[in-house]
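Peer 1: Just dropping this structure here.
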Amino acid sequence: ARLARLREEVERLVSWQEHGGLYSYPLYPDGTGRPPDLSNALFAALALRAAARDGIEVEPEVWAGLIEGAIACQERRDRTRSGGSTPAGFGYRTDWHATGSMTTAGLGILLMGREALGKRMDRRLEKELEESLESGLAWVASRMDWRANPGEKSWQFYWLYGVERLGSTHRREVLGKVPWYPSGAE
């Protein structure tokens with residue numbers, strides 16, 4: 001009964017995914033709503049990941065949509081002379097300025113999507129994901145600071161939560177030359 005209920009809830013969540021791969025808030029009583037955003041997409045990805053760990057299948061297209069939606073929220077990435085990408089953070093929505101909390105959200109979606117798709121990921125999307133991940137991690141590394149959410153005057157706790165999630169999901173003990181767990185706990 002529990003798995004049947006979980007399967008129903010996953011189907012409902014998948015049906016809410018918007019064109020472009022992201023998720024938005026529910027509609028207001030008057031039928032209007034807000035555009036999709038990276039924050040809601042992160043929570044959807046976390047729920048889908050948990051459901052998949054309980055054995056509920058999530059179609060590859062759903063994860064591919066989440067990855068593409070996250071990448072669409074990233075600042076433009078330029079290639080450097082050495083072949084790497086310049087640091088590029090993620091914004092709340094497409095064409096919004098990058099913040100630390102949304103960069104960790106975008107990176108979290110990329111990491112969960114890569115984990116979920118594994119070898120089923122399309123090569124073009126895999127290349128795009130890896131470049132996006134590299135640029136996003138470089139952005140975090142260049143702005144690693146506990147005192148404030150980089151690029152934003154608020155949402156500091158969302159930033160701190162994001163750093164923890166990023167460090168643990170990516171299995172990195174150091175982010176931006178900062179040993180994030182002991183430094184954050186301090």
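The values are calculated or read from the model by the stated rules, or taken from the named source; none is laboratory data. Note that the coordinates shown come from a computational prediction; the quantities given were computed from them, not determined experimentally. In this analysis, Cβ positions are derived from the backbone assuming ideal geometry, glycine residues included, and neighbour counts consider all displayed protein chains. Surface areas here come from the heavy atoms of the whole protein model, side chains and all, with no ligands, DNA or RNA. Shrake-Rupley method; radii C 1.70, N 1.55, O 1.52, S 1.80 Å.
Peer 1: Looking only at residues in the stretch 33-63 that are outside any helix (DSSP H, G or I) and of a type in the set (Asp, Glu), which one is surrounded by the most Cβ atoms within 10 Å (Cβ to Cβ)? Working first, answer last.
Peer 2: Initial filter on the stretch 33-63 (outside any helix (DSSP H, G or I)): 33-37, 54-59.
So of that shortlist, the ones also of a type in the set (Asp, Glu) come out as 37, 54, 57, 59.
Details: Asp37: 22, Asp54: 11, Glu57: 10, Glu59: 10.
Only one residue fits best here, namely Asp37.
Peer 1: If you don't mind, another one. Being open to solvent by 30 Å² or more (accessible area, probe 1.4 Å), under 18 Å from Arg49 (Cβ atoms) and of a type in the set (Asp, Glu) narrows it down to one of Glu75, Glu131, Glu164, so name that one. Walk me through it before giving the result.
Peer 2: On the way: Glu75 fails: under 18 Å from Arg49 (Cβ atoms); Glu131 fails: under 18 Å from Arg49 (Cβ atoms).
Unique residue meeting the criteria: Glu164.
Peer 1: Continuing with this model, one more query. Listed residues Ser24, Ser39, Ser15; which is in contact with a Pro (Cβ under 9 Å, 6 or more places away or on another chain) and over 21 Å from Met121 (Cβ atoms)? Talk me through it step by step, then tell me what you get.
Peer 2: Details: Ser39 fails: in contact with a Pro (Cβ under 9 Å, 6 or more places away or on another chain); Ser15 fails: in contact with a Pro (Cβ under 9 Å, 6 or more places away or on another chain).
Of the residues listed, the single one that is in contact with a Pro (Cβ under 9 Å, 6 or more places away or on another chain) and over 21 Å from Met121 (Cβ atoms) is Ser24.
Peer 1: Out of the stretch 90-120, which residues are within 18 Å of Arg49 (Cα to Cα) and open to solvent by 20 Å² or more (accessible area, probe 1.4 Å)?
Peer 2: Going residue by residue through the stretch 90-120, those that are within 18 Å of Arg49 (Cα to Cα) are 104-120.
Answer for the stretch 90-120, where residues must be within 18 Å of Arg49 (Cα to Cα) and open to solvent by 20 Å² or more (accessible area, probe 1.4 Å): Arg114, Glu115, Ala116, Gly118, Lys119, Arg120.
Peer 1: Residues that are in contact with a Lys or Arg (Cβ under 9 Å, 6 or more places away or on another chain) and open to solvent by less than 20 Å² (accessible area, probe 1.4 Å): does the stretch 24-31 have at least one?
Peer 2: Checked against the condition, which is being in contact with a Lys or Arg (Cβ under 9 Å, 6 or more places away or on another chain) and open to solvent by less than 20 Å² (accessible area, probe 1.4 Å), the stretch 24-31 yields no hits at all.
Peer 1: Separate question: Any idea which of Ser154, Ser183 is over 16 Å from Gly106 (Cα atoms), modelled with pLDDT of 90 or more, open to solvent by 30 Å² or more (accessible area, probe 1.4 Å) and hydroxyl-bearing (Ser, Thr, Tyr)? Break it down stepwise before answering.
Peer 2: Values: Ser183 fails: modelled with pLDDT of 90 or more.
Result of the check over Ser154, Ser183: Ser154.
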